[in-house]
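Participant: Before we start, here is the structure in question, set down as structure tokens.
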């Protein structure tokens, strides 16, 4: 550093400095870590692993070597990151349940489908598979470009030649900065068939390609249940998802009993965690149709599900499990990859196949040129050898007598420097007559091969025919037989199975208790109204609801929103329960107005604090969302004040000004959502309470310990939105009926 720059500080805006550094980090993550290359389907760490094993000569026929040796070479030469991340990437390439076509053949403990980790790298050994060898085919023949490694001491390939369609065959997953990729595995034979179609018919549509390559093919099998139109759209856009289900069958026992046996589970689902999930749901009584789950797996998956009753329909039991567990999963498709210019973009299926074929075309051209150059060099040497055999005595004389035989040979026989050097390096045993015959045969053979290569380089159609032959060769090698057979069956979208949610919950009586501070809990059985209940210090009872675990509870808050809670989801056991705001999302400034068991035929009167209201059906209060649904629209400064069940023909409204009005319930409109109409007119204040009753039975209210009833209501009868008059003698001073 120059002396005049020492200690120099240059001011820069913080936003610019952060943006510049974050952009550098983002580009590094996107291009050098997380996204695969569309041409060979590998991320840098996987490419470096395969290339390092190639340098170690760990071919499929070679002996295994310790994984620690491989990881050490990768880290020391190519990948400036930790050994743990390198070994994890290597382990995944060897797991036949994680990748459809393993690139590494492992020896030792490389983990299992239960989620157990692999043994340490000092205990395991590995070598390349024939598929990895196909990816490397031609790498020493100038098929791809190389670049300097991070320390500048070695060279590493930018991309592998990729004779195997690895991106689609093995898939990829990664999270970069601001983008991600998720490509499920596919069947190599089907990919090659689709690629062949694209060679023969460059304008083939995605629908035509899907006739040969219908969808993903996962290493763990399973059944793909997705609509054909959704699959087509996903591959046309490069984005979508697929529903994948476990494969199961029914095994019948004695006396009409039966069990369900799961033999294939969805991709990337750990079997042990799946069984733990099912067991936990059984403990929470959310799978009432299931009696037991057992893991009888050995080398193959065998998970046994035992129903509670033999009268249960197997399809109903499995549908409940598909909805509640990872026996059904969604596999995303996001074909975000680096293209040939190292630019990240989302590619549709056709573009992915075209990019792989274009790469194979470039590899073919480069290998052909490299071979042609080698042939021309060898032919030049052979021409020199043949010239020697005609004048052996003269050559020997020049070598024996001349101080500088090389220039003398070049002048005497008019040969090149390369030819003269080759003659001088020739062994004496090569001077026999038989060797001349072999040289002429080699010269003739190389001349013909060179002519064929020039023809190949001149004719594009011939090159594509050669690529089609290579693709067919790949298909024959890896797309046929047991390794290449499709494992995931393609099924149509399953019919909708109607499941009564109540049947999925064990029915039993419970009592739900809501405290004034918003804590909710449930206890078994129906408690008496005078039962002793304990609460936190400073807290007390707000509502007590007797119901059953199959019921739904309705909660209305001062914000005018209605929330639906499942009684089975209310926490049980000793303690204070949990805040109701965790089950129904409303703010700390909002309070509970009503909490009751939902019934289908009920109607309710909702009224805001200024006295506006309307009738609403119970079905309009239901909401599947945790955030509920807005039913009563409230203005700033207002809130939902009352929720009264509408059983009767008249309504009595009492205001905070202690005036009461009685009018027919028919004057209140029924709405699903809104602000409502004015129930009673006030000069100041708002509504205090309301009651709906039958006029013939009279109006009742609680006064102290007694219940009083007024049947002569002529003085208070009127029309909606009137002011009313003072309530009857003995009406509570609180202005409330209870």
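Only the coordinates and a few stated rules stand behind these numbers; no lab work does. Remember, it's a predicted structure, so these values are computed and weren't measured experimentally. Methodologically, a virtual Cβ is constructed for each residue, glycine included, from the backbone with ideal geometry; neighbour enumeration extends over all protein chains shown.
Participant: In whole Å, what are the extents of region 59-163 along the principal axes defined by its C-alpha atoms, from largest to smallest?
Facilitator: 42, 29, 23
Participant: Here's something else I'd like to know. Compute the distance in nm between two label points, each set 7 Å from the Cα along the Cα-to-Cβ direction, one at residue 173 and one at residue 635.
Facilitator: Those two pseudo-labels are separated by 5.4 nm.
Participant: While we're looking at this one, here's another question. Enter the Cα centre distance for the pair region 636-700 and region 344-382, rounded to the nearest angstrom.
Facilitator: If we compute the Cα centre of each part, the gap is 83 Å.
Participant: Would you mind classifying region 28-87 by shape? Square roots of the alpha carbon gyration tensor eigenvalues, ordered a ≥ b ≥ c; an a/c under 1.5 is rounded, otherwise it is prolate if a/b is larger than b/c and oblate if not.
Facilitator: Verdict is oblate for region 28-87.
Participant: Sticking with this one: Given the Cα-Cα distance of residue 298 and residue 88 and 0.36 nm per residue of separation, how much length would full extension add, in nm?
Facilitator: Gain in length upon complete extension: 73.1 nm.
Participant: With each label point set 7 Å from Cα along the Cα-Cβ vector, what nm distance links residue 472 and residue 61?
Facilitator: Those two pseudo-labels are separated by 2.6 nm.
Participant: Add -39500 (n - 2.57) for each DSSP H run of 4 or more in the chain, then divide by its residues: what number comes out at 222 nm, to the nearest 500 deg cm²/dmol?
Facilitator: Result for the chain, helices only: -9500 deg cm²/dmol.
Participant: Relative contact order of the chain, please, whole-number percent, based on alpha carbon pairs below 8 angstrom and at least 6 residues apart.
Facilitator: Once divided by the residue count of the chain, the mean separation gives 9 percent.
Participant: Taking Cα centroids, how far is region 21-77 from region 254-333 in Å?
Facilitator: 39 Å
Participant: Region 535-689: percent of C-alpha pairs farther apart than 27 Å?
Facilitator: Summing the P(r) of region 535-689 above 27 Å gives 26 percent of all pairs.
Participant: Moving to a separate point now. Mind sorting 662, 71 by how few other Cβ atoms lie within 10 Å of their own Cβ, fewest first?
Facilitator: 662, 71
Participant: Right, another one. Counting other beta carbons within 10 Å of each Cβ, put 103, 198, 713 in order, fewest first.
Facilitator: Least to most surrounded, the residues fall as 713, 198, 103.
Participant: Right, here's the next one. Which order, highest average first, do 169-175, 110-116 follow once you tally other Cβ atoms within 10 Å for each residue and take the mean per peptide?
Facilitator: Per-residue mean Cβ counts within 10 Å order the peptides as 169-175, 110-116.
Participant: Mind giving me the FRET efficiency for residue 657 and residue 627? R0 is 30 Å, r the Cβ-Cβ distance, nearest 0.05 is fine.
Facilitator: The pair residue 657/residue 627 has a calculated efficiency of 0.25.
Participant: Over region 504-710, what is the relative contact order in whole percent, taking alpha-carbon pairs under 8 Å and six or more residues apart?
Facilitator: In percent, rounded to a whole number, it is 18.
Participant: On a 0 to 90 degree scale, rounded to 10, what angle separates helix 188-200 from the longest Cα axis of the chain?
Facilitator: Taking Cα atoms only, the helix is inclined about 70 degrees.
Participant: Let me ask you something else. Full-extension gain between residue 452 and residue 440, please, as 0.36 nm times their residue separation minus the C-alpha to C-alpha distance.
Facilitator: Fully extending the segment from residue 452 to residue 440 adds 2.5 nm.
Participant: Right, next: I need the Debye-formula profile for region 1-109: one equal scatterer per C-alpha, no solvent, reported as log10 I(q)/I(0) at q = 0.11, 0.19, 0.20, 0.22 1/Å, two decimals.
Facilitator: -0.51, -1.00, -1.09, -1.25
Participant: Using 0.36 nm per residue, how much length does the chain from residue 465 to residue 734 gain when fully extended, once their Cα-Cα distance is taken away?
Facilitator: That pair, residue 465 and residue 734, stretches by 87.4 nm at full extension.
Participant: I would also like to ask the following. If you work out Rg and Dmax of the Cα atoms in Å from the coordinates, which of [x] 40.2, 147; [y] 41.7, 153; [z] 34.7, 121 do you get?
Facilitator: So the structure-derived entry is [x].
Participant: Kindly express, to the nearest 10 degrees and within the range 0 to 90, the angle between helix 349-390's C-alpha long axis and the longest C-alpha principal axis of the chain.
Facilitator: Tilt relative to the chain: about 10 degrees.
Participant: Let me ask something additional. Once you put a point 7 Å from the Cα of residue 714 and another 7 Å from the Cα of residue 16, both along the Cβ direction, what distance in nm separates them?
Facilitator: 9.0 nm
Participant: If one takes the longest principal axis of the Cα atoms in the chain, at what angle in degrees, from 0 to 90 and to the nearest 10, does the Cα axis of helix 44-55 lie?
Facilitator: Result, in degrees: 30.
Participant: Take 406, 254 and order them by how many other Cβ atoms sit within 10 Å, fewest up front.
Facilitator: Ordered by Cβ neighbours within 10 Å, fewest first: 254, 406.
Participant: With r as the distance between the Cβ atoms of residue 681 and residue 227 and R0 = 60 Å, compute the FRET efficiency 1/(1 + (r/R0)^6) and round to 0.05.
Facilitator: Calculated transfer efficiency: 0.55.
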